[in-house]
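Shown next, in structure tokens, is the structure this report addresses.
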Amino acid sequence: MIANQRVLILGFVWPEPNSSAAGGRMVELISIFKEHGFDVTFASSASDSDYMIDLGSLAVTKKSITLNCSSFDVFVKELNPTIVLFDRFMMEEQYGWRVAENCPDALRLLDTEDLHCLRLARQKAFKEKRQFSTDDLLVEDVAKREIASILRCDISLMIAEYEIELLQSVFKIDTDLLYYLPLLLESIADSNIQNLPSFENRNNFVFIGNFLHEPNWNAVQYLKETIWPLIRKQMPEAVLQIYGAYPSQKVLQLHQPKDGYYIMGRADDAQEVGRNARVVLAPLRFGAGIKGKLVEAMHCGTPSVTTIIGAESMCGDLPWNGFISDEPQTFADNAVELYQDKTIWLKAQENGFDIIEKRYLKSLFEDDFVKYILKVQTHLKQHRLDNFMGTLLQHHTLTSTKYMSRWIEEKNKKL
């Protein structure tokens, strides 16, 4: 147990673990801190939502804060956290300089979730009907902002090995500033595996994803227009159920029961949906990070068919729990084969359990993570001296972002 450690998490939104993988990720981080005896405060300027988790039930203090307001300075100075965790780079941009001014000795962590600049650059290349190149990142404005945040922080938490390689090779980020911490799950007990629905007791294809996330919306369109007709041609009675939080009207309009294509909306229990489905489809054509829907599918014992980007950084050298294909007809053929062939399906399910046990168990990572942040805390002065570019950017920030925020604050006072 760790004594006298206060963690302040600055959230982009209040955590919604049943709405997105990002929400689940945040709850995982909170649980690690709490289990190791850290006192945790979660602060956000976002409005409350109907689906946010009850932070009180996690023994976490909830605090509403205001953007571009010096009231945050008073709050953070009084709290005096030993660790500040920024939920994505936008929160570091907004509050990083205030934390540096008021709590200079606090360890600054950045949870990247995924590399936003990578996701956006791939999305842009896709829409321009061309191949993505790492050179696209060098001209991406979001990359400049995101890399600056990474450099200003003491440690950035990364969920995908490919993104660590990218930061090192393209942006020359020092390895001491990056820490690999993927999505974390509990071990699957043999008794739980035995109690999962069998191949015969599972039905339908399923897609699950938050519709506020552009790669998910694009995948749903791609399924409707291209892949699903190819599957239905071979399986005329097949059913695809599309689940996801925050479906817009354009999503709801895709609902076509006569074609076996059902827009189901938010899943009350995403794991229950996953356990009862026979195959998960995830034809993601751009994106970044680890795909929570696919990790969850493995945990539910549900094989999947996805793309190269969908499976990126997820299984290492281990075989996938299903099939990976970027070609529509092959994708559809794989989906049909996985749905109909019990032997292939059972092997795929076994592969998924193996991936979870070897790459995503919480027990594999949590103790080393806590030891690492405590080690950096102990040598924080030297750690920052070794990160001269971060010090330089922090100095620049204190004369640019800071005064933009001050200007907004003064402007707001006059309204």
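The structure-derived value of volume of the Cα convex hull per residue in Å³ appears in the list (1) 165; (2) 180; (3) 151 under the label (3). Each residue was assigned an accessible area with a 1.4 Å probe, and for Asp326 the value is about 90 Å².
Residues Asp50, Asp111, Asp259, sorted by accessible area with the largest first, give Asp50, Asp259, Asp111 [1.4 Å probe; ligands and nucleic acids excluded].
For the range 199-247 versus the range 56-83, the spacing of their alpha-carbon centroids is 41 Å. Work the Kirkwood hydrodynamic radius out for the range 145-185: mean of 1/r over every pair of different alpha-carbon atoms, inverted, in Å. Evaluated on the range 145-185, it is 10.4 Å. Using heavy atoms of the protein chains and a probe of 1.4 Å, the accessible area assigned to Tyr246 is about 80 Å². Counting heavy atoms of the protein chains alone, Val74 has an accessible area of about 100 Å² for a 1.4 Å probe.
On a 1.4 Å probe surface of the protein chains, which of Glu214, Glu186, Glu113 comes out largest in accessible area, and what is the full order?
Output order, biggest surface exposure first: Glu186, Glu214, Glu113.
Glu409 to Asn203: extension gain in nm, 0.36 nm per residue of separation minus the Cα-Cα distance?
Gain on extension, Glu409 to Asn203, equals 68.6 nm.
Positive-end ranking of Ser187, Phe205, Ile173 along the dipole of the range 157-228, with charges on Cβ about the Cα centre, is headed by Phe205.
For Lys77 and Thr134, a Förster radius of 41 Å and the Cβ-Cβ distance give a FRET efficiency of 0.50, rounded to the nearest 0.05. In a reduced charge model with +1 at each Lys and Arg Cβ and -1 at each Asp and Glu Cβ, the range 1-89 shows a dipole moment near 220 debye about its Cα centre. For Leu110, the residues whose modelled amide H falls within less than 5 Å of its own, excluding neighbours fewer than 5 places apart on the same chain, are Phe86, Ile155, Ser156, Leu157.
Under the convention that each Lys and Arg Cβ holds +1 and each Asp and Glu Cβ holds -1, the size of the dipole of the chain around its Cα centre is about 1060 debye. Placing dummy labels 7 Å off each Cα toward the beta-carbon, the span from Lys144 to Ser70 is 3.0 nm. Here the relative contact order of the range 269-313, from alpha carbon pairs under 8 Å that lie six or more residues apart, stands at 50 percent. Each Lys and Arg contributes +1 and each Asp and Glu -1, all at the Cβ; summed about the Cα centre of the range 93-227, the dipole is approximately 580 debye.
Ranking Ile159, Tyr262, Met91 by Cα position along the charge dipole of the chain, where only Lys, Arg, Asp and Glu carry charges on their C-beta atoms, puts Met91 farthest toward the positive end.
With all protein chains in place and ligands, DNA and RNA left out, the 1.4 Å accessible area ranks Phe38, Phe12, Phe365 as Phe12, Phe365, Phe38, largest first. Between Lys127 and Glu237, the simple spin-label model (points 7 angstrom out along Cα→Cβ) gives 4.2 nm. Relative contact order of the range 278-405, taken over Cα pairs closer than 8 Å and 6 or more residues apart, is 21 percent.
The values are calculated or read from the model by the stated rules, or taken from the named source; none is laboratory data. Quick caveat, the model's predicted, so the values are computed rather than measured. Ideal geometry is used to build each Cβ from the backbone, glycine not excepted, and the neighbour counts take in all protein chains shown. Ligands, DNA and RNA are stripped out before the accessible areas are found, and what is left, the full protein with its side chains, is counted by its heavy atoms. Shrake-Rupley method; radii C 1.70, N 1.55, O 1.52, S 1.80 Å.
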